[in-house]
Structure formats: C-alpha cells, structure tokens
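Q: Quick one: the structure is below, and I'll ask about it shortly.
The values are calculated or read from the model by the stated rules, or taken from the named source; none is laboratory data. The structure displayed is predicted, hence computed values, not measured ones. Glycine gets a Cβ as well: all are built from the backbone with ideal geometry, and neighbour counts include every protein chain shown.
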Amino acid sequence: MPSFLSLTSLEDVAEMLWAEGPTCALVAGGTDLLVRAPRPERTLWLDISRCAELAGIGLDAQGRLRVGALACHQEVVEHPLVRRHARLLGLACASVGSLQIRNRGTLGGNLGNASPAADTLPALVCLGASVRLVARQGAREVPVSELYTGPGQTVLRPDELIESVRVPLRRGRAAACFKKAGQRKGMCCSKASVALDARVRPGLRLVDVRVAMGAVAPTVLGVPAAEALLEGQRLSPRLIAQAAEACVAAARPIDDLRSSAGYRRAVVGALLSEGLLEILERLRRAERRAEGLRRARRARGRGRR
Amino acid sequence: MAVSVNLKLNGAACRFEVEPDERLVETVREKAGLTGTKLGCGVGECGACSVLLDGKLVCACLVLAAQADGCEVFTVEGLAPGGRLSDLQRAFVEEGAVQCGYCTPGMLMAAEALLRRHKRPTGEQIRQGLAGNLCRCTGYTKIVAAVRKVAKRRAARGGRR
C-alpha cells in the first residue's frame, strides 16, 4: 500500500521531488490515478491539490493567459478570460469526460498523463501554449508541442512538476473548432480529434491558421500542410476538402481497443471538414448580416436626402 | 498508515480513519454506512457514485478519501432528511423515472447539481447535465421528464422547493 502525504507549498513539493522524485506519484484530481494505478515503485502518493500556487486562472506578467496546473476542466470552460482569448481551449476542455470528471480532473493532469488521446493537447498546440515546469533548481518553459516523446512519455524530469500552462493571447476575431470522434457524444475517449484556431479576415479568409490532431499518432501532431493550404485563402468546400486530405495524409494512427488505424485516418479528415464547414457557414451568415446592415444604412441615408 | 479525515457529511461533522488509497465512495458506504451512494463501474464511467463535494458534482469512486479532508460531502441521503423525499425525488417517482434503481441516487445528485446551476434548464441542458450518468433501464426519457417537471414546479413557486 502506498503512503499519502499532502503538501501545501510548491517549494515543499519541489523539495520532495528533488529528494524522492522517482518514488512519488503526484495526485491532483486523481481521475486518472484512481483508474490506472501508478507503477508500484511510486510508493508515496503526494497530494498537491492544496498548493495555492498551482491554482487559479489569470494573466501572467507578460500578459499571457496563465492556467494553473490545478485548474479543473470545468473551471477552464467557464472562465471569462478563456472564453474571450482562448475559446479553443474551452471547447476542448468541454469535450472531456462528463461534468463529474471535468469538475475533478485538472489541466495539469491531462498534460502530465501524456495520453495520445488527451483532448486539451491539440487545442494547446494550436494556441502556441507553453508549460511552465518547476523544480528545486529552477523553472523552465517548454512549448506543449515539444513536451511529448511518446505515449505517456514527456520531457519532464523526475524532480519537475507542471506549475501552469501559458497561452499567448491572440487578438482579433477568432475562428476555432474542436471536433472529436468517440463511441458516443458524451463521456467518451477520443478515437481521433482535430483542433483548429485562426483569425478571421474579410472575404471568408482565415489567417494565422493552426491545425493539430490527437489520437492519430504517438503524440499530438500539428498539420503544417493543412495550415499552408488554408492560410489567407478564401474558404470553400473544395479548399476544405483539400485541407482534410492533408490531415488524412499526415495521420500516423494505430489499431487499438478504441479504434482501427483505417477508421482513425478516415475520420480525422472528416472531423476537420465538419469543423471548417461550420466555420464557413458562420462566416457566410456574418457577411450576409453585415451586407444587410450596409444596405439598410444606405437606404436610410437616401431617405434623409 | 491510516490518514485522519474530517468531513462534513450531509451537514454533520464526521471523522474517519482512511487508508491512503481509499476512495471516498468506500468511506461513505462502508465507514459512514450511507449505502444510498452506489458503486457501479468504479472508474468514473457510470456516475452511480455521484455525490456533491463542496457543492460540485463528482464521482466518489474517483476521489481519494484522504484528499477530501475538510470538505463538505452531500449524498443522496442528504436530499431526504428524516426520510421525507425532496420534490426532485417525488418527481422521479411520479414520472416512473426509476426502474431497477441502481443509477437513481447518482441521477438524483446530477439532477440536483443541474438545478442548482440552472433554475430553468433547457432539454439540452438537462441531457448534458445527466450525460455522466448511465441508466440501462429507462431509456432516460422519464428521467429527463422528471427533472423538467420539478424545474417547472419550482419556477411556479418562485424558486422555492
């Protein structure tokens, strides 16, 4: 049986990891730990859920969104800063598990467990997010896109822990979508997922396009080919089909208990199509609305003359 | 090595000695004797063990009991103090939202959490609010009807139960 220790300061946790790192299992929400028990050499279950320094959502000194490692998925979904500046992250967090899981599971835990199917990872890669890692010797930042070396494998050293996620704020009108395919709509683990984030420009154009996929490779995968196709181009069903094809070509999925490689490859393209077609429909509606307003204004102007 | 845990369980201050890897559902059922909370899948998939932890809906099978020290835990027994059913529970009975009954305590807690957040939930919000709770008997329709009914009744009474 493991032993249990609750520490309330980040300094104490870092000290403990420095001395005993390989024997510690960090416990935040526990939603993964209690499903899949950690390796037996992890004899100390170290409760970090009361470290105030790891909690909260706000802006950091550089004006980036800071999401503490202990923020649970539902907290992320509901936070006004996330809604305004990182909508994609909110969409991804909202798709995780059930309300029961989202109320308990933390963003830091989702990142640290390094599941290839983790829903928050494609979103954070699209948003250009970094993870701040803390150890006794000091802190460092690693882009989420460089955090993973394989399924369940990260670049974290045994003496390090995730302190927070930092997301640069992207100004301007955003288009974002997060789509996942699972066994059913709610409460399921992704067979495949796609995230897209971009800025909207007039003429149904997207710029600063970022696309990433989950569960179709050993780690989260950006899709530069799809981004290049979409960048600055007028969105159309044909262009969307080409971008979806780029996702299919980039996927490197496996067969496992949740799905087959063939299905994953096919569905990941369909997911991007679905998301982009919805975005296109929204943009068209917005343009029609704007055109209607312009016309009404012109008509009023004439009336006055 | 056991860990001492203080809980406010349905309003009453309690103290338990728990094992380091003990789950809250075990503490509630085995140590507090509150067997209304059911253990179904044990891995957070079915929602039968749903309770409110500091007001938030959680699966008690995925909460380490030792981590709940100092927290308020609200179980299905708390809905019916003195055995008097709440309006939510009465609506479940009236609508036939109970068949085998195993999912019912979790469903009630999820519905309670939903109605605390949304006074007038839409059909979609009700289904979303119950998405973490599996029922293999009713097909959900009558459960959704029961939640809608109680929301409507509470609204008609100006939010009072």
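Q: Output the number of residues of the range B:33-74 satisfying the condition of being among the hydroxyl-bearing types (Ser, Thr, Tyr) and more than 19 Å from B:Ala146 (Cβ to Cβ).
A: 2
Q: For the range A:160-171, indicate whether the set of residues that are touching a residue at least 60 places away in the same chain (Cβ under 8 Å) and of a type in the set (Gly, Ala, Ser) is non-empty.
A: Yes.
Q: Could you grab me the full set of residues in the range B:1-11 that are within 9 Å of another protein chain (Cβ to nearest Cβ) and either surrounded by 23 or more Cβ atoms within 10 Å (Cβ to Cβ) or assigned to a strand (DSSP E or B) (or both)?
A: B:Val3
Q: Scan the range A:254-261 and give yes if some residue there is part of a helix (DSSP H, G or I), at negative phi and buried (at least 18 other Cβ atoms within 10 Å of the Cβ), otherwise no.
A: Looking through the range A:254-261, none of the residues is part of a helix (DSSP H, G or I), at negative phi and buried (at least 18 other Cβ atoms within 10 Å of the Cβ).
Q: What single numbered condition from (1) in contact with a strand residue (DSSP E or B) (Cβ under 8 Å, 6 or more places away or on another chain); (2) surrounded by fewer than 21 Cβ atoms within 10 Å (Cβ to Cβ); (3) over 18 Å from A:Leu10 (Cα atoms) fails to hold for A:Gln100?
A: The single condition A:Gln100 does not satisfy is (2).
Q: May I pose another question? If I ask for residues that are surrounded by 11 or more Cβ atoms within 10 Å (Cβ to Cβ), more than 14 Å from chain B (Cβ to nearest Cβ) and either touching a Pro at 6+ places or on another chain (Cβ under 9 Å) or polar (S, T, N, Q) (or both), which ones from the range A:36-56 would you list?
A: none
Q: Hey, can you tell me all the residues within the range A:1-35 that are surrounded by 15 or more Cβ atoms within 10 Å (Cβ to Cβ), more than 10 Å from chain B (Cβ to nearest Cβ) and part of a loop (DSSP other than H, G, I, E, B)?
A: A:Leu7
Q: In the range B:12-96, which strands (runs of 3 or more DSSP E) lie fully inside it and hold 3 or more residues that are within 14 Å of chain A (Cβ to nearest Cβ), touching a residue at least 24 places away in the same chain (Cβ under 8 Å) and hydroxyl-bearing (Ser, Thr, Tyr)?
A: Per the criteria, no element qualifies.
Q: Now for a different question. Among the helices (runs of 4 or more DSSP H) contained in the range A:84-151, which hold 1 or more residues that are within 14 Å of chain B (Cβ to nearest Cβ)?
A: Of the helices (runs of 4 or more DSSP H) lying wholly inside the range A:84-151, those with at least 1 residues that are within 14 Å of chain B (Cβ to nearest Cβ) span A:87-94, A:99-102, A:107-113.
Q: Moving on. Just name the residue that is surrounded by the fewest Cβ atoms within 10 Å (Cβ to Cβ) out of those in the range B:106-118 that are of a type in the set (A, V, I, L, M) and touching a strand residue (DSSP E or B) at 6+ places or on another chain (Cβ under 6 Å).
A: Only one residue tops the list, namely B:Ala113.
Q: Somewhere in the range B:119-133, is a residue touching a strand residue (DSSP E or B) at 6+ places or on another chain (Cβ under 8 Å), surrounded by 18 or more Cβ atoms within 10 Å (Cβ to Cβ) and within 12 Å of chain A (Cβ to nearest Cβ)?
A: Yes, the range B:119-133 contains a residue that is touching a strand residue (DSSP E or B) at 6+ places or on another chain (Cβ under 8 Å), surrounded by 18 or more Cβ atoms within 10 Å (Cβ to Cβ) and within 12 Å of chain A (Cβ to nearest Cβ).
Q: Let me ask something else. Of these, B:Ala156, B:Ala146, B:Ala151, which one is more than 14 Å from chain A (Cβ to nearest Cβ) and exposed (fewer than 11 other Cβ atoms within 10 Å of the Cβ)?
A: One residue alone meets the criteria, B:Ala156.
Q: Looking at this structure, is A:Arg210 touching a residue at least 40 places away in the same chain (Cβ under 8 Å), part of a strand (DSSP E or B) and either in the same structural domain as A:Gln74 (by TED's automatic domain parsing) or under 30 Å from A:Arg136 (Cα atoms) (or both)?
A: no
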